[in-house]
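**Student:** One structure is given below, represented as structure tokens, and several questions about it will come after.
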Amino acid sequence: MTTTALLPTYARADLAFESGDGAWLVATDGRRYLDFVSGIAVCALGHAHPHLVAALVAQAGKVWHTSNMFRIPGQERLAQRLVDNSFADHVFFANSGAEAVEAAIKTARKYHYASGNPQRWRIITFEGAFHGRTLATIAAGGQAKHLEGFGPPVPGFDQVPFGDHEALKAAIGDETAAIMIEPVQGEGGLRPVPERCLVGLRQLCDERGILLIYDEVQTGMGRTGKLFAHEWAGPQATPDIMSTAKAIGGGFPLGACFVTARAGVGMVAGSHGSTYGGNPLAMAVGNAVLDVMLEPGFFDRVNDVANKLAQGLAMIADQHPDLVEGLRGKGLMQGLKLKGIEARTVIGQLRERGLLAAVAGDNVLRLLPPLIIGEDDLRHGLELIDRTFAELARTGLQAAS
Ligand SMILES: *Cc1c(COP(=O)(O)O)cnc(C)c1O
């Protein structure tokens, strides 16, 4: 790779894109790629969706930014619509996932402070979690590779093994403010939390007087086939606070923190803020994304395609038992846990064949097609994966990786 003026914090593929249309991207050299990355679960409605483009262009000619010193009608409208379609009573807008998580952490701590329990400020998180790259969110995620070299981790996070109920119960103490969990671990390897466990977490939090925070930055806004992933577990599993981002702006930087009236009790004028958060451009696009997702039948179609993806991946797993250990994920965040080969090697091979895919922790090939993907494109993507595995098995390339 050539060196550039960019701080080299990413291991980028040597590939850049000129334009996009739906599930397809066109590279600067004219080659077309089927996009099963979607900008890491962001471009839920694909590229250059006409309704989103129209909303952004229309707003761009009016007003871009005013700051939160003033009312922003698009914010009030989007917040109301999100509240009408979720457990929440209030929404705070930020610009990214990590900021949405930071808002969630601050809201949880402030709740206990405002309710006379300022000693409750610690948050329990889970091994394999990913909550962002700010100082607090790397401490929350607890991954050594993200923390190393950045000084003492921000205090106040206690991590327990994923799925270890006894360790979780033992970790709750007098200083615990909340439990924070991704309903499906995204970066950590597409590991869904069983629905009954989300219900159990809700009960546990109520028993112990602590708050439940879901980090739905990746799972939220339709990725699993419902607007929010925790909805699969029913009304017994609703959180007090939830962060979301990625798909909520369809590619325009936007994050949001959802809060119940009770949990938000400490958040008053001056408690928190963001210069850009929820600016008119972001709100125009956010409202347009929601227009599309709330259309009748939108999620029926997503779930239909997700089932076909699951079936296709199951067939690939059956045919290549030497390379695939099992299926992972939910909805349109699914993948294959690989063995004997690095997921990184596989995505390079897929890219050669014109399919963009991602990796997740635990050596998982992660597929995140846009929610609007058509059946023909899905089938095409699955064929490319199947062919790539067949070729890898044939050439024994896995031995070399
Ligand atoms: C991507 C992600 C984040 C961080 O989002 P950024 O926009 O990169 O700050 C936080 N939590 C989860 C679950 C994520 O998938």
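The values are calculated or read from the model by the stated rules, or taken from the named source; none is laboratory data. As the structure is a computational prediction, the values presented were derived from the model and not from experiment. Neighbour counts are summed over all protein chains in view; Cβ atoms, including those assigned to glycine, are modelled from backbone coordinates with ideal geometry. Note: areas computed on protein heavy atoms with side chains; ligands, DNA, RNA excluded. Shrake-Rupley method; radii C 1.70, N 1.55, O 1.52, S 1.80 Å.
**Student:** Counting just the residues of region 325-347 that are in contact (Cβ under 8 Å) with a residue 60 or more places away in the chain and open to solvent by less than 20 Å² (accessible area, probe 1.4 Å), which one comes out farthest from the chain's Cα centre (by Cα)?
**Tutor:** ILE341
**Student:** Here is a check on your reading of the model: is GLN75 surrounded by fewer than 18 Cβ atoms within 10 Å (Cβ to Cβ) and more than 29 Å from ASP377 (Cβ to Cβ)?
**Tutor:** no
**Student:** Right, HIS47: open to solvent by less than 60 Å² (accessible area, probe 1.4 Å), of a type outside the set (Ser, Thr, Tyr) and in contact with an Asp or Glu (Cβ under 7 Å, 6 or more places away or on another chain) or not?
**Tutor:** Here the answer is yes, as HIS47 does meet what is asked.
**Student:** Within region 107-126, can you find the residues that are within 15 Å of the ligand (Cβ to nearest atom) and touching a residue at least 60 places away in the same chain (Cβ under 8 Å)?
**Tutor:** Result: ILE123, single match.
**Student:** Shifting gears a bit: Inside region 144-164, can you point out the residues that are in a helix (DSSP H, G or I) and either open to solvent by less than 50 Å² (accessible area, probe 1.4 Å) or at pLDDT below 95 (or both)?
**Tutor:** Listed by number, the residues that qualify are HIS146, LEU147.
**Student:** Just to check your reading of the model, which residue among GLY116, GLY141, GLY188 is open to solvent by less than 70 Å² (accessible area, probe 1.4 Å) and farther than 28 Å from VAL359 by Cα?
**Tutor:** Of the residues listed, the single one that is open to solvent by less than 70 Å² (accessible area, probe 1.4 Å) and farther than 28 Å from VAL359 by Cα is GLY116.
**Student:** Quick test for you: out of LEU168, LEU204, pick the one residue that is of a type outside the set (Asp, Glu), assigned to a helix (DSSP H, G or I), open to solvent by less than 20 Å² (accessible area, probe 1.4 Å) and touching a strand residue (DSSP E or B) at 6+ places or on another chain (Cβ under 6 Å).
**Tutor:** That would be LEU168, the only listed residue that is of a type outside the set (Asp, Glu), assigned to a helix (DSSP H, G or I), open to solvent by less than 20 Å² (accessible area, probe 1.4 Å) and touching a strand residue (DSSP E or B) at 6+ places or on another chain (Cβ under 6 Å).
**Student:** Answer yes or no: is there a residue in region 9-17 that is in a strand (DSSP E or B) and more than 30 Å from GLY234 (Cβ to Cβ).
**Tutor:** There is at least one residue in region 9-17 that is in a strand (DSSP E or B) and more than 30 Å from GLY234 (Cβ to Cβ).
**Student:** Hey, among ALA229, ALA237, ALA247, which residue is surrounded by 23 or more Cβ atoms within 10 Å (Cβ to Cβ) and in contact with a Pro (Cβ under 8 Å, 6 or more places away or on another chain)?
**Tutor:** ALA229
**Student:** Among the residues that make up region 90-99, is at least one of them within 16 Å of the ligand (Cβ to nearest atom), in contact with a Phe, Trp or Tyr (Cβ under 7 Å, 6 or more places away or on another chain) and closer than 21 Å to GLY277 by Cα?
**Tutor:** Yes, region 90-99 contains a residue that is within 16 Å of the ligand (Cβ to nearest atom), in contact with a Phe, Trp or Tyr (Cβ under 7 Å, 6 or more places away or on another chain) and closer than 21 Å to GLY277 by Cα.
**Student:** Tell me which residues, restricted to region 18-44, are over 28 Å from GLY74 (Cβ atoms), open to solvent by 70 Å² or more (accessible area, probe 1.4 Å) and in a strand (DSSP E or B).
**Tutor:** Hits for region 18-44 are GLU18, ARG32.
**Student:** Out of all the residues in region 180-194, is one or more in a helix (DSSP H, G or I), of a type in the set (S, T, N, Q) and either modelled with pLDDT of 95 or more or over 18 Å from the mean Cα position of the chain (by Cα) (or both)?
**Tutor:** Looking through region 180-194, none of the residues is in a helix (DSSP H, G or I), of a type in the set (S, T, N, Q) and either modelled with pLDDT of 95 or more or over 18 Å from the mean Cα position of the chain (by Cα) (or both).
**Student:** Let me ask something else. Among the helices (runs of 4 or more DSSP H) lying completely within region 252-356, list those that include at least 3 residues that are small (Gly, Ala, Ser) and either within 16 Å of the ligand (Cβ to nearest atom) or out of contact with any strand residue (DSSP E or B) (no Cβ under 8 Å at 6 or more places or on another chain) (or both).
**Tutor:** Once the helices (runs of 4 or more DSSP H) in region 252-356 are filtered for at least 3 residues that are small (Gly, Ala, Ser) and either within 16 Å of the ligand (Cβ to nearest atom) or out of contact with any strand residue (DSSP E or B) (no Cβ under 8 Å at 6 or more places or on another chain) (or both), what remains is 280-293.
**Student:** Can you go through LEU198, LEU212 and tell me which one is in a helix (DSSP H, G or I), within 16 Å of the ligand (Cβ to nearest atom) and either open to solvent by less than 10 Å² (accessible area, probe 1.4 Å) or within 30 Å of ALA357 (Cα to Cα) (or both)?
**Tutor:** LEU198
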